[in-house]
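Colleague: Handing you this structure, nothing more for now.
The values are calculated or read from the model by the stated rules, or taken from the named source; none is laboratory data. Bear in mind the structure is a predicted one, so any value in this text is a computation, not a measurement. Glycine also receives a Cβ, built like all others from the backbone with ideal geometry; neighbour counts cover every protein chain displayed. Surface accessibility is based on the protein's heavy atoms, side chains included, excluding ligands, DNA and RNA. Shrake-Rupley method; radii C 1.70, N 1.55, O 1.52, S 1.80 Å.
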Amino acid sequence: MAALIVPSHPKEARDMPVVEVNGLTFTYPSGTSPAVRDLRFRVEQGEVFGFLGPNGAGKSTTQRLLIGLLRGYTGKVSALGRDLADWGAAYYEQIGVSFELPNHYLRLTGLENLSYFRALYRGETRRPEALLEMVGLADDGGRYVSEYSKGMKTRLGVARALLNDPRLVFLDEPTMGLDPVSGRRIKSLIREMKETGRTVFLTTHDMTVADELCDRVAFIVNGEISIVGSPHKLKLAHGARKVRVEHTLDGTPARSEFPLDGIGANAGFLALLREAEVQTIHSQEATLEDVFVHVTGRSLH
């Protein structure tokens, strides 16, 4: 896989949040109530920040606001050290965006699409061929995009988002519709973005992807944020402090649970380890989806 270039930024830029949102509220002109209401969060340098919620929760609206496609909001939003309202066209030299439903030119090849969009930037850009290789489309760059599957179009959208070596990358459902191999490739690419100092704003309703990739997540339902925190800490805070052991004793399958606290001195647990045939031992950690349901009272579907 082709390597990403490590960006160089002034120290003062690294010390401030890449995105800071305070009281962000927005209502569509045809709407009667806000699509997002009083949003407050920060995204730090080099962080993969997950924005999680079911369809219609306000994820894509927030992304469109942060990239400047929607205006007329109230509250304060800063990005890359400047008020979002003060940025002009130069903002798009600094960010990359991959939409859930990518809009490509279907009568052009994948390579021609990237070459066209590459020409729109004033600064240095990545070679389209290297980006196609990065997302697993090196052998398909000469095909018309009309022949691409949905997953291939998604991967081409991710490649397009990286053309200008952006400092801040917005990814909307980047693994949706991908086969397992392609999904792993895109997740590895997101990890590499983080390792090279980029900041990723990831919107998704796939809790497995968020758990694997995100340093912190925000849960959004009905346009409001319920909680912000790291997946690990959220799962620990909302999981049961128990250990479940599946085992066979005297030929009979069984399941036993023990308190996690003091497990090393628990006589029953130690006796079970000595006397039974143990199949599995698991702490009863909540999944990120369990936490979401518990915190918001909503499922993701």
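Colleague: Kindly indicate the residue of region 58-88 that is at negative phi, over 23 Å from the mean Cα position of the chain (by Cα) and of a type in the set (Gly, Ala, Ser) and also least open to solvent (accessible area, probe 1.4 Å) among those meeting that condition.
Modeller: Within region 58-88, the match that is least open to solvent (accessible area, probe 1.4 Å) is Gly88.
Colleague: Quick one: is Val245 touching a helix residue (DSSP H, G or I) at 6+ places or on another chain (Cβ under 7 Å), part of a strand (DSSP E or B) and at pLDDT 90 or above?
Modeller: Here the answer is yes, as Val245 does meet what is asked.
Colleague: Taking region 236-271 only, how many residues are aliphatic (A, V, I, L, M) and either closer than 30 Å to Val293 by Cβ or in contact with a strand residue (DSSP E or B) (Cβ under 6 Å, 6 or more places away or on another chain) (or both)?
Modeller: 8
Colleague: Let me ask something else about it. Does Val217 fit the bill of being part of a strand (DSSP E or B), of a type outside the set (Asp, Glu), more than 30 Å from Gly58 (Cα to Cα) and at pLDDT 90 or above?
Modeller: In short, no.
Colleague: Can you name the number of the only condition in (1) among the aliphatic types (A, V, I, L, M); (2) in a helix (DSSP H, G or I); (3) closer than 21 Å to Pro54 by Cβ; (4) open to solvent by 40 Å² or more (accessible area, probe 1.4 Å) that Val181 fails?
Modeller: Unmet for Val181, out of (1) among the aliphatic types (A, V, I, L, M); (2) in a helix (DSSP H, G or I); (3) closer than 21 Å to Pro54 by Cβ; (4) open to solvent by 40 Å² or more (accessible area, probe 1.4 Å): (3).
Colleague: Determine the pairs where a residue that is within 10 Å of Thr199 (Cβ to Cβ) and open to solvent by 10 Å² or more (accessible area, probe 1.4 Å), located within region 161-175, has a partner that is part of a loop (DSSP other than H, G, I, E, B) and among the β-branched types (Val, Ile, Thr) with Cβ atoms under 8 Å apart, the partner being 6 or more residues away or on another chain.
Modeller: Partner pairs satisfying both residue conditions: Arg167/Val18.
Colleague: Mind checking whether some residue in region 223-240 is closer than 30 Å to Lys187 by Cβ, surrounded by 12 or more Cβ atoms within 10 Å (Cβ to Cβ) and in contact with a His (Cβ under 6 Å, 6 or more places away or on another chain)?
Modeller: Yes, there is a match, as at least one residue in region 223-240 is closer than 30 Å to Lys187 by Cβ, surrounded by 12 or more Cβ atoms within 10 Å (Cβ to Cβ) and in contact with a His (Cβ under 6 Å, 6 or more places away or on another chain).
Colleague: In region 133-160, which residues are open to solvent by less than 20 Å² (accessible area, probe 1.4 Å) and closer than 30 Å to Glu44 by Cβ?
Modeller: Met134, Val135, Thr154, Leu156, Gly157, Val158, Ala159
Colleague: Filter region 105-132 down to the residues that are within 24 Å of Gly88 (Cα to Cα) and part of a loop (DSSP other than H, G, I, E, B), then identify the one that is least open to solvent (accessible area, probe 1.4 Å).
Modeller: Here the answer is Arg126.
Colleague: Going by the structure shown, is Glu277 of a type outside the set (A, V, I, L, M), free of Cβ contacts under 8 Å to residues at least 40 places away in the same chain and surrounded by 15 or more Cβ atoms within 10 Å (Cβ to Cβ)?
Modeller: No; evaluated as a whole, the condition is false for this residue.
Colleague: Enumerate the pairs (first residue in region 186-197 and outside any helix (DSSP H, G or I); second residue anywhere and surrounded by 17 or more Cβ atoms within 10 Å (Cβ to Cβ) and of a type in the set (A, V, I, L, M, F, W, C)) with beta-carbon separation below 9 Å, excluding pairs fewer than 6 apart on the same chain, so at least 6 apart or on different chains.
Modeller: Pairs that qualify, where the first residue is outside any helix (DSSP H, G or I) and the partner is surrounded by 17 or more Cβ atoms within 10 Å (Cβ to Cβ) and of a type in the set (A, V, I, L, M, F, W, C), are Thr196/Leu4.
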